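Notes to accompany the following structure.
The values are calculated or read from the model by the stated rules, or taken from the named source; none is laboratory data. In this text the structure is predicted, and so the values were computed from the model without any measurement. With ideal geometry, Cβ positions are generated from the backbone for all residues, glycine too; neighbour counts draw on all protein chains shown.
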Amino acid sequence: MKYYYFHGYKSSPMAEKAKAMREVLGSDNVIVPDFNLSAEEISDLFDKLCDEISSSKEEVCIVGSSLGGLFALNIASRVKCNTILLNPALIPMVIIPKVTDVIDVKSVVLVQKLSLYAYEYYEAEKTSIWVTHDPLINHDDLTKPYFYKGCKEYIKFDEDIASGHEFTGFKDVFAKYIKNNS
């Protein structure tokens with residue numbers, strides 16, 4: 001299986017979760033695009049990623065964290081692949097103002113469109129949601145209700161296993177998931 005990792009807002013391909021996935025799976029099995037782009041560039045990148053994943057000869061799973069969770073859900077909805085969402089930021093109009101006061105309107109409109117598309121077309125049986133006690137996003141109020149069609153699994157981790165918006169403990173949780181699903 002080929003894995004993609006989509007980082008969150010103001011993160012990068014060198015994020016700790018991307019490093020953890022490379023350690024668990026090997027660098028050749030993890031693709032990590034950089035989403036630190038303009039709204040237009042992100043749109044082009046989405047098209048490229050959809051083409052790349054659709055034409056893959058291997059099964060694909062996209063793991064997305066925070067705003068990368070919204071990106072992952074959107075692309076997975078288009079190409080019908082598995083996805084694991086980590087503390088996903090699925091309702092950007094609620095989340096973005098908490099992150100920064102300076103964000104261009106094009107970016108906000110883009111993520112709102114992505115959110116609406118993903119909400120309508122996601123595939124429940126291919127969607128896993130992993131959340132922690134998160135000071136940035138109230139997952140009981142914002143994430144859980146988003147999945148009106150249900151999902152493959154919705155796991156809320158105890159704080160001693162994984163915690164915070166940054167998902168401390170991800171490497172151990174992910175390694176266990178890979179071991180149990182190989």
Review point. Among the candidates GLU159, GLU166, GLU153, which residue alone is among the acidic types (Asp, Glu), under 26 Å from LYS80 (Cα atoms) and in contact (Cβ under 8 Å) with a residue 12 or more places away in the chain?
Key: GLU153
**Study point:** Check on VAL108, closer than 21 Å to ASN138 by Cβ and either part of a helix (DSSP H, G or I) or at pLDDT below 95 (or both)
**Key:** yes
Point to revise | Qualifying residue in region 6-18 (condition: under 28 Å from GLY164 (Cα atoms), in contact with a Cys (Cβ under 6 Å, 6 or more places away or on another chain) and of a type outside the set (Val, Ile, Thr)) | key: no
Exercise for review: Please find, among PHE35, PHE46, the residue that is buried (at least 20 other Cβ atoms within 10 Å of the Cβ) and out of contact with any Pro (no Cβ under 6 Å at 6 or more places or on another chain).
Suggested key: PHE35
Check your understanding: Of all residues in region 1-51, which are farther than 19 Å from PHE174 by Cα, free of Cβ contacts under 8 Å to residues at least 12 places away in the same chain and not hydrophobic (A, V, I, L, M, F, W, C)?
Key -> GLU41, ASP44, ASP47, LYS48, ASP51
Exercise for review: Can you confirm whether region 4-26 contains a residue that is farther than 17 Å from PRO88 by Cα, among the polar types (S, T, N, Q) and either exposed (fewer than 15 other Cβ atoms within 10 Å of the Cβ) or modelled with pLDDT under 95 (or both)?
Suggested key: no
Review point. Is there a residue being within 10 Å of the chain's Cα centre (by Cα) and of a type outside the set (D, E, K, R) anywhere in region 42-63?
Key: yes
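One line per residue, one yes/no per condition, for (1) of a type in the set (Lys, Arg); (2) surrounded by fewer than 18 Cβ atoms within 10 Å (Cβ to Cβ); (3) more than 17 Å from the chain's Cα centre (by Cα):
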site: LEU110; (1), (2), (3): no, no, no
site: LEU114; (1), (2), (3): no, no, no
site: GLU120; (1), (2), (3): no, yes, no
site: ILE137; (1), (2), (3): no, no, no
site: GLU153; (1), (2), (3): no, yes, no
site: GLU166; (1), (2), (3): no, no, no
site: LYS171; (1), (2), (3): yes, yes, no
Exercise for review: Check whether at least one residue in region 79-99 is at pLDDT 95 or above, in a helix (DSSP H, G or I) and not acidic (Asp, Glu), and report yes or no.
Suggested key: yes
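Please work out which residue is farthest from VAL111 (Cα to Cα), limiting yourself to region 52-74 and to residues that are β-branched (Val, Ile, Thr) and without any contact (Cβ under 8 Å) to a residue 60 or more places away in the chain.
Start the filter on region 52-74 by keeping residues that are β-branched (Val, Ile, Thr), which leaves 53, 60, 62-63.
Checking which are without any contact (Cβ under 8 Å) to a residue 60 or more places away in the chain leaves us with 53, 60, 62.
On the way: ILE53: 21, VAL60: 23, ILE62: 18 Å.
In this case the residue turns out to be VAL60.
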